[in-house]
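Enquirer: What follows is a structure written as structure tokens; I'll ask about it next.
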Amino acid sequence: MFKLLTTRTATRAQITPRLIQNAFESTTSAAPVEQVPRFVTYAYFLTRTANMSLPVYLDVKKNKTVKHTLIQRIEGDISKLRKELSDELGISA
């Protein structure tokens, strides 16, 4: 089975100053970090549906022989989204 070891446990008051000191030393001694932009802006945005899924649907026509993928709820530059999708998938737009 398991063997329990009893050791002297430190109280929160004893641990907290040591943790703060260690955290302060690690942040001050580290090399300077490059500034990263907080927000990235894209040319387009897809708004999710009410159940948090992406608005991508399959449209089937002509007795199930023609299939189209529909992307709805696009905000921004639709042509840029079309170009990036066609480049990524290797198809012509």
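Enquirer: List every residue pair whose Cβ atoms lie under 8 Å apart, where the two residues are 6 or more positions apart in sequence or sit on different chains, the first residue falls within region 65-84 and is within 20 Å of Thr41 (Cα to Cα), and the second residue, located anywhere, is at pLDDT below 90 and of a type in the set (S, T, N, Q).
Expert: none
Enquirer: Further question: Could you look through region 68-88, keep only residues that are assigned to a helix (DSSP H, G or I) and hydroxyl-bearing (Ser, Thr, Tyr), and pick out the one that is least open to solvent (accessible area, probe 1.4 Å)? Give the derivation first.
Expert: Narrowing region 68-88 to residues assigned to a helix (DSSP H, G or I): 78-88.
With the extra rule that they be hydroxyl-bearing (Ser, Thr, Tyr), the set shrinks to 79, 86.
On the way: Ser79: 70, Ser86: 14 Å².
Within region 68-88, the match that is least open to solvent (accessible area, probe 1.4 Å) is Ser86.
Enquirer: A follow-up question, please. Please work out if Ala23 is at pLDDT below 60 and either of a type in the set (Val, Ile, Thr) or loosely packed, with under 10 Cβ neighbours inside 10 Å (or both).
Expert: Values: at pLDDT below 60: yes; either of a type in the set (Val, Ile, Thr) or loosely packed, with under 10 Cβ neighbours inside 10 Å (or both): no.
No, not satisfied.
Enquirer: Just for region 28-67: of the residues that are open to solvent by less than 100 Å² (accessible area, probe 1.4 Å) and farther than 28 Å from Lys80 by Cβ, which one is modelled with the highest pLDDT?
Expert: Out of the qualifying residues, it is Ala31.
The values are calculated or read from the model by the stated rules, or taken from the named source; none is laboratory data. On a predicted model such as this, the values are computed, not experimentally measured, just so you know. Reconstructed Cβ throughout: ideal geometry from the backbone, glycine too, with neighbour counts over all protein chains shown. Side chains are part of the model used for accessible areas, which takes the heavy atoms of the whole protein and leaves out ligands, DNA and RNA. Shrake-Rupley method; radii C 1.70, N 1.55, O 1.52, S 1.80 Å.
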